[in-house]
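Everything below concerns the one structure shown next.
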Protein chains: 2
Amino acid sequence: MNGAERLISTAAGGGVEVCFANPGTTEMPLVLALDRVGGIRAVLCLHENVCTGAADGYARLARKPALTLLHLGPGLANGLANLHNARRARSPVVNVIGDHASWHVSADPPLAMDIETAARPVSDWQRHIASPAAIASAMQAALAAATSRRGRVATLVFPHDFQQAAEVPAAPVQPPEPFPEPDAAVIERAAARLRRGGPACLFLGGLALWGEGLAVAGRIARRSGAELLGEVGFARMETGRGLPRVARLPYFPEQAQEIFDRFETVILCGARQPVSFFGYGHLPSRYLSGHPGALTIAGADDDAVGALQRLADALGAEAPWQGSAPEPPEPPRGPLDLDRLAAAIVRHLPEDAVVVLTAVSSAAPFSQLAAAARPHTQIALTGGAIGEGTALALGAALARPDARVLHLEADGSAAYLPQALWSQAREGLPVTTVICANRAYRILQIELARAGIDAPGEQTRRLTELGRPPIDWVAVARGFGVPGRTVETAEELTAALEGAAASDGPFVIEARLP
Amino acid sequence: MNGAERLISTAAGGGVEVCFANPGTTEMPLVLALDRVGGIRAVLCLHENVCTGAADGYARLARKPALTLLHLGPGLANGLANLHNARRARSPVVNVIGDHASWHVSADPPLAMDIETAARPVSDWQRHIASPAAIASAMQAALAAATSRRGRVATLVFPHDFQQAAEVPAAPVQPPEPFPEPDAAVIERAAARLRRGGPACLFLGGLALWGEGLAVAGRIARRSGAELLGEVGFARMETGRGLPRVARLPYFPEQAQEIFDRFETVILCGARQPVSFFGYGHLPSRYLSGHPGALTIAGADDDAVGALQRLADALGAEAPWQGSAPEPPEPPRGPLDLDRLAAAIVRHLPEDAVVVLTAVSSAAPFSQLAAAARPHTQIALTGGAIGEGTALALGAALARPDARVLHLEADGSAAYLPQALWSQAREGLPVTTVICANRAYRILQIELARAGIDAPGEQTRRLTELGRPPIDWVAVARGFGVPGRTVETAEELTAALEGAAASDGPFVIEARLP
């Protein structure tokens, strides 16, 4: 095997099944190796931020490492924003970046850029492959890093000449870093607090928001009476009728602070210390700074499921969660607004669907209603870098071929990576994208109002609205090979959602909102 | 003035007239300051790489510093690839990046990223504003850096709380770094070589390819018989009937090397040492390594015009360039191919048009024919990071409101930043985009053929072609507010070019190519 084939073979042996790629000349040996080695499905993305966002979405749902293949420094640069999101999501992602031939770098050719420095802000682990002999061990180390604890972003820089080196040897598998054992004393303190009674909540993130973690959290809630609260920018969450009910923390700090202040006890599990998205002079950064009853049984990188299980054992919390299933909303009628849009989606969502929740100002009513839907999985924006949704949906659909993916998107965000729709079409993926077209960066208009700016000047208005000219999302989607329609009423939206779900492929719904 | 107003006021005082912006919450004081201070036109871009690419295009043609306004680390990250191109172009660009409030950073909120590290690979100069008192001097220093010598990329990180600081003082203007004096001894050696005779060329880049530089190069060519050769990835070039004729260096190294090997004397002026785009094992990186007659009178950052003037003086080269004006091609007829496409554009180009030349494999015939067109200005891809074209065209049109901009683009590149078309539509700019739709990353298919891969496997084919599904560029453009049409023959292309030029706004032509 040559160097490229060895790297691909090592990745396939380590559980990699999909590679999101936008290769160039310096990656062609790796492209050829994908054919020669086999076992990894290559998905062409027309922009590198589609590669990295799709890898993030895939890794969150498949819980297998996702591979990206990027072209030199500029290709990596284009993918950085969604690697930032992937890193915040603790997604196991391995980036392979071709570099110029090792002997060519000193000529400083046009595409040369300091790849290592560019990678650093978004990589938990990175390595430049320094010789052909180091190829297999570098990929083994990258796989181990990516799959350590909750998951990490690992970046490998692979010179073109080493990709072409002959007879490159294999290397042994390297073990990922396991979770440390949960701290028994802290868990006993948390149990004691819950036994004592008084208003309490579990603040959940990461692995505590789905699967076994969520089920155990539900048992603890039933036993102790604690409420369940989830982080705003969760990587993955399950919700719907019959599942333990988790309230999503509000986005704005006044509301979030008010919620935390209601509880005497706040037990953090799988979540970071919650902080405000932005700093406002009259509010603290950290909602729990100085809170006397806050206690962390598992941080964002810790074994949240194990910690919850131990806490449940300490409390004797054996009975599964039970709660009144919220009633699904009535069929919405009339001109669309955010409440009607949320109701139509909640009524429509098929069981086990995946919801990609990247709308910013338009998502709150849906988040509040989602517990009334059939059980489904949500993934959200973890790092706040907008525009990831179309790519997340691409990756999510590849990770969950059985599921319909419903992507609830904003128009400001959707304008970032429309070309991801092309990859959805090429791969024939069942993704329904609902674009909340309010023709504004509404969140910025809200921030202006919060700051007391009632009559912004012309330049400010032009920098916060998207209506001049209006974007025709159905035309954009059709251009990239995806059919679509525009809806203005709840009835039209319901019909469009049902029509989209009846097809095998992607569909875009432009929902016109006030 | 508050901090934001002081920064904007300092920028306006330093010659900044346009700001390419995609602001977020942490930049809202700067947005408000654009209204309150006045003098700078804000242009909303729907992706940060549109901001930075447009700033690059604007700065190359206006020769004034361009401002970008980007949101935190992820916003900068999205704009890095075109800052790489801007840096290679020596474009005077000042990036202003909002940061979290200084007291909020340690909370590590979701959007926090190591901005300084991310900026380093693309910034010739950068600074984090550390206090309100430092705001004005930081912007003065950024303007000085950006306008030093040929031009530079300068990056300022501006915390949100300092933007809101009250009564922020002004600071004195700082002088940019001037060009060093050309080296008289080297110029005399160059003059001696040219006097001696034998096959000689001037290899020109930067300021030597347009305006006074090109005129003086033409006088030297006439006097000495030297040929004029231009770099592949030029920032700006003038060509057309009556102008000194400069051959553009070919992209592939075998052809480029063959050309240099024909000359006994190669005098570099305003250009870097020419190198191969990529390293191929059988060819050297540097075309002139070991060339006995290569001599640099001005490097890429030096005073190319001054060096040429001194060389012209030494040679007594006073008479302007004179050459046989190449005949314009016959009106092309029949199904489109690259030659007919080039001929149609060359015949159509209005005098003083700006051509944005970012097609990769499709541009060579046009480059060869362009000297037969009416005199016009070209700008090309300097750093090889594809996808900049739609943004370059946006910036070019704002810098040259009198000119029609003709953007010759590839379909692989055009898929990067289609949302730049929206900004072209909003600003009402006369940009005609011709997309060479061969439905492939043709350059990669050529590289595979060069490597002897005649029958690539299925994954390789899928990673190098764009036809499944085909992209409907007219629909994409319409979606972003720009009219367009598809053409399949030279006659249709000619009619479409004329129709586009008759309108005031942007137009997209999808040219279907084999």
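The values are calculated or read from the model by the stated rules, or taken from the named source; none is laboratory data. This structure is a prediction, so every number in the text was calculated from the model and none was measured. As a convention, Cβ positions derive from the backbone with ideal geometry for all residues, glycine included, and neighbour counts pool all protein chains shown.
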Among the residues that make up the range A:340-361, is at least one of them within 29 Å of A:G383 (Cβ to Cβ) and of a type in the set (S, T, N, Q)?
yes
Say whether the condition of being over 27 Å from B:R87 (Cα atoms) and of a type in the set (S, T, N, Q) is met by at least one residue in the range B:214-237.
yes
Quick count over the range B:227-253, residues being touching a Leu at 6+ places or on another chain (Cβ under 7 Å) and touching a residue at least 24 places away in the same chain (Cβ under 8 Å), is 16
Scan the range B:257-264 and give yes if some residue there is over 28 Å from B:E188 (Cα atoms) and within 14 Å of chain A (Cβ to nearest Cβ), otherwise no.
no
Considering only the range B:10-41, how many residues are over 30 Å from A:G75 (Cβ atoms) and either of a type in the set (A, V, I, L, M) or not in a loop (DSSP other than H, G, I, E, B) (or both)?
17
Looking at this structure, is A:R63 facing another protein chain (nearest Cβ under 9 Å) and either surrounded by fewer than 24 Cβ atoms within 10 Å (Cβ to Cβ) or in contact with an Asp or Glu (Cβ under 9 Å, 6 or more places away or on another chain) (or both)?
no
Does the range B:313-322 contain at least one residue that is of a type in the set (S, T, N, Q) and either under 30 Å from B:R149 (Cα atoms) or within 27 Å of the chain's Cα centre (by Cα) (or both)?
no
Within the range B:469-489, which residues are more than 14 Å from chain A (Cβ to nearest Cβ) and either out of contact with any Asp or Glu (no Cβ under 9 Å at 6 or more places or on another chain) or within 20 Å of A:G484 (Cβ to Cβ) (or both)?
B:E488, B:T489
If you go through the range A:171-180 one residue at a time, do you hit one that is surrounded by fewer than 24 Cβ atoms within 10 Å (Cβ to Cβ), small (G, A, S) and within 23 Å of A:E27 (Cβ to Cβ)?
yes
For strands (runs of 3 or more DSSP E) lying entirely in the range B:67-164, having 2 or more residues that are touching a Ser or Thr at 6+ places or on another chain (Cβ under 6 Å) picks out B:93-99, B:153-159
Quick count over the range A:340-376, residues being touching a Cys at 6+ places or on another chain (Cβ under 6 Å) and either within 14 Å of another protein chain (Cβ to nearest Cβ) or of a type outside the set (S, T, Y) (or both), is 1
Would you tally the residues in the range A:459-468 being more than 17 Å from B:H71 (Cβ to Cβ), part of a helix (DSSP H, G or I) and facing another protein chain (nearest Cβ under 7 Å)?
0
Which residue out of A:D454, A:D504 is part of a loop (DSSP other than H, G, I, E, B), free of Cβ contacts under 8 Å to residues at least 12 places away in the same chain and assigned by TED's automatic domain parsing to the domain that holds A:T432?
A:D454
For the range A:125-147, check the following and say yes or no: at least one residue is basic (K, R) and either within 13 Å of chain B (Cβ to nearest Cβ) or buried (at least 22 other Cβ atoms within 10 Å of the Cβ) (or both).
no
In the range A:246-265, is there at least one residue being out of contact with any Pro (no Cβ under 8 Å at 6 or more places or on another chain), in a loop (DSSP other than H, G, I, E, B), modelled with pLDDT of 95 or more and buried (at least 17 other Cβ atoms within 10 Å of the Cβ)?
yes
Go through the range A:45-65 and count every residue that is within 24 Å of B:G412 (Cα to Cα) and touching a strand residue (DSSP E or B) at 6+ places or on another chain (Cβ under 6 Å).
6
Report yes if some residue within the range B:377-385 is more than 14 Å from chain A (Cβ to nearest Cβ), of a type outside the set (K, R), crowded, with 24+ Cβ neighbours inside 10 Å and touching a helix residue (DSSP H, G or I) at 6+ places or on another chain (Cβ under 8 Å); otherwise report no.
yes
Only unsatisfied item for A:E231, checking (1) surrounded by fewer than 24 Cβ atoms within 10 Å (Cβ to Cβ); (2) closer than 26 Å to A:A373 by Cα, is (1)
Conditions first: (1) within 30 Å of B:G15 (Cβ to Cβ); (2) surrounded by fewer than 24 Cβ atoms within 10 Å (Cβ to Cβ). B:L421 passes all but one, so which condition is the exception?
(2)
